[in-house]
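**Q** Okay, handing you the structure first.
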Ligand code: ADP
Ligand code: MG
């Protein structure tokens, strides 16, 4: 409800509750380490406790857009904080700072999260194939995922999806589950992440419920196990996953794994488990190309019912390259900024919104890569970009092309253009050669790794 008096002084509640400002500050302290930094700065930092009475904590937020956003996206974290910080039964009300807008009320809810855990499958309904933008970078992974969702156990089993942080692995795993259940209601589907599985296992051991634990997993039709790189160094967990794997596979049930790297690169994974993980189909998700990044931004904007002009989409997509999560974060930040003063979404505003984010990514550009490779191979910039033909030069050039493709997601044609208009097949050949060398020659692979890390850390410039 709107607050008639523009009372910004904390009113102290009638019980032994701390005042509203302090209570909300404590809640924010609790929430801060549990949400993303940008999320916190964008949505939570501009809020303050305003009043506390009749079991309702009123929190002042910049406008009603914030009120909606906070309750849609942060209510779980805020509720958990409320439960942990206050000993009282409290509700929370977000109140826009100066409009007579109705605020949004969040009731303190039971500890278990509602929507996100429907049916015990632990599937989130918004993570679907429909909401997943397909591009070159993920086409194969999406095709394989769809096929698995449509015929669990019958196509690729296990399916192993790997890719960098924030590129959509969890989204895809969830989409598989959602589609599989939609196609075949009653299918026993379960999503969990390897770290949650670990906690569950530990509890089962402590409470002596290992049998129930085993039965639960053994009886599934489709297991979605996220982030299996977490298994590294956890032998007990590996053993359990090995067991679950064998019994599911024996029963013809489907398993989907995700990881931040391919199975053979998960060090110290017991050999027999590593080979099992990779025994079906292994597909990767790459960082999206520019066109896909633009499409993703457009899709996110459409989901928020917001207008995103083409030039603004291009501006953001050209700058935020390495993770879809960061891309999404940038859009949300822009949206928040636009809503703060009811400003239109323009390139200038996007520039303001991205200021901090972009700083982190900007250092890597094609010139840095070329310079770093020239340094590393002891050749000149001139030679590398123009036609010099010695073996050393060719390799330096090929490595530069490879690194550009890997970290800048430039098109083959764009890369060719930077090396005296080489055509795209030459670039493709270069990338393939470096890729092959990496696989066949570990020392070379280590060199490339080092070079690439150096470039992104800004050591060579
Ligand atoms: P990962 O598990 O690989 O770290 P997530 O699946 O959590 O990444 O994805 C991060 C965010 O980016 C999620 O909000 C997800 O919905 C979104 N996302 C990732 N890829 C796409 C895509 N191709 N289309 C639409 N949204 C995507
Ligand atoms: Mg994930």
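**Q** Could you please find all residues in the range 290-314 being assigned to a loop (DSSP other than H, G, I, E, B) and crowded, with 19+ Cβ neighbours inside 10 Å?
**A** Residue satisfying the conditions is 308 alone.
**Q** Suppose we filter the range 316-333 for residues that are within 16 Å of ligand 1 (Cβ to nearest atom) and either assigned to a helix (DSSP H, G or I) or more than 26 Å from residue 403 (Cα to Cα) (or both); how many remain?
**A** Going through the range 316-333 one residue at a time, the tally reaches 12.
**Q** Tell me, which residue of the range 389-442 that is closer than 23 Å to residue 453 by Cβ and surrounded by fewer than 12 Cβ atoms within 10 Å (Cβ to Cβ) is nearest to the chain's Cα centre (by Cα)?
**A** 439
**Q** Taking the range 75-118, which residues are under 24 Å from the mean Cα position of the chain (by Cα) and at pLDDT below 80?
**A** Selection gives 112, 113, 114, 115, 116, 117, 118.
**Q** Right, another one. Assess whether residue 247 counts as being surrounded by 14 or more Cβ atoms within 10 Å (Cβ to Cβ), in contact (Cβ under 8 Å) with a residue 60 or more places away in the chain, more than 20 Å from the chain's Cα centre (by Cα) and away from ligand 2 (no atom under 16 Å from the Cβ).
**A** Details: surrounded by 14 or more Cβ atoms within 10 Å (Cβ to Cβ): yes; in contact (Cβ under 8 Å) with a residue 60 or more places away in the chain: no; more than 20 Å from the chain's Cα centre (by Cα): yes; away from ligand 2 (no atom under 16 Å from the Cβ): yes.
No: the conditions fail for residue 247.
**Q** Can you name the residue in the range 130-153 that is touching a strand residue (DSSP E or B) at 6+ places or on another chain (Cβ under 9 Å) and without any contact (Cβ under 8 Å) to a residue 24 or more places away in the chain and, of all such residues, is farthest from ligand 1 (Cβ to nearest atom)?
**A** 151
**Q** May I pose another question? Can you tell me which residue within the range 46-74, out of those that are without any contact (Cβ under 8 Å) to a residue 60 or more places away in the chain and within 22 Å of the chain's Cα centre (by Cα), is surrounded by the fewest Cβ atoms within 10 Å (Cβ to Cβ)?
**A** 72
**Q** Do we have residue 166 as more than 8 Å from ligand 1 (Cβ to nearest atom), in the same structural domain as residue 260 (by TED's automatic domain parsing), on the phi > 0 side of the Ramachandran plot and part of a loop (DSSP other than H, G, I, E, B) here? Break it down into steps so the answer makes sense when it comes.
**A** Working: more than 8 Å from ligand 1 (Cβ to nearest atom): no; in the same structural domain as residue 260 (by TED's automatic domain parsing): yes; on the phi > 0 side of the Ramachandran plot: yes; part of a loop (DSSP other than H, G, I, E, B): yes.
Taking the combined requirement at face value, the residue does not satisfy it.
**Q** Could you check residue 172 against (1) away from ligand 2 (no atom under 16 Å from the Cβ); (2) at pLDDT 95 or above; (3) surrounded by 16 or more Cβ atoms within 10 Å (Cβ to Cβ) and say which number it fails?
**A** With (1) away from ligand 2 (no atom under 16 Å from the Cβ); (2) at pLDDT 95 or above; (3) surrounded by 16 or more Cβ atoms within 10 Å (Cβ to Cβ) applied to residue 172, the lone miss is (1).
**Q** Right, next: Of all residues in the range 170-221, how many are part of a helix (DSSP H, G or I) and more than 27 Å from residue 284 (Cα to Cα)?
**A** Residues flagged as part of a helix (DSSP H, G or I) and more than 27 Å from residue 284 (Cα to Cα) within the range 170-221 amount to 16.
**Q** Here's another thing I want to ask about it. Take the range 169-202 and flag every residue that is away from ligand 1 (no atom under 16 Å from the Cβ), farther than 16 Å from residue 217 by Cβ and either out of contact with any helix residue (DSSP H, G or I) (no Cβ under 6 Å at 6 or more places or on another chain) or free of Cβ contacts under 8 Å to residues at least 12 places away in the same chain (or both).
**A** Across the range 169-202, the qualifying residues are 181, 182, 183, 184, 185, 186.
**Q** Which condition number in (1) in contact with a helix residue (DSSP H, G or I) (Cβ under 8 Å, 6 or more places away or on another chain); (2) at pLDDT 95 or above is the one that residue 263 fails?
**A** (2)
**Q** Here are 252, 280: which of them is away from ligand 1 (no atom under 16 Å from the Cβ), crowded, with 19+ Cβ neighbours inside 10 Å and not assigned by TED's automatic domain parsing to the domain that holds residue 404?
**A** The match here is 280.
The values are calculated or read from the model by the stated rules, or taken from the named source; none is laboratory data. Just so it is clear, the structure is predicted and the values come from calculations on it, not from any experiment. No Cβ is skipped: glycine too gets one built from the backbone with ideal geometry, and neighbour counts run over all protein chains shown.
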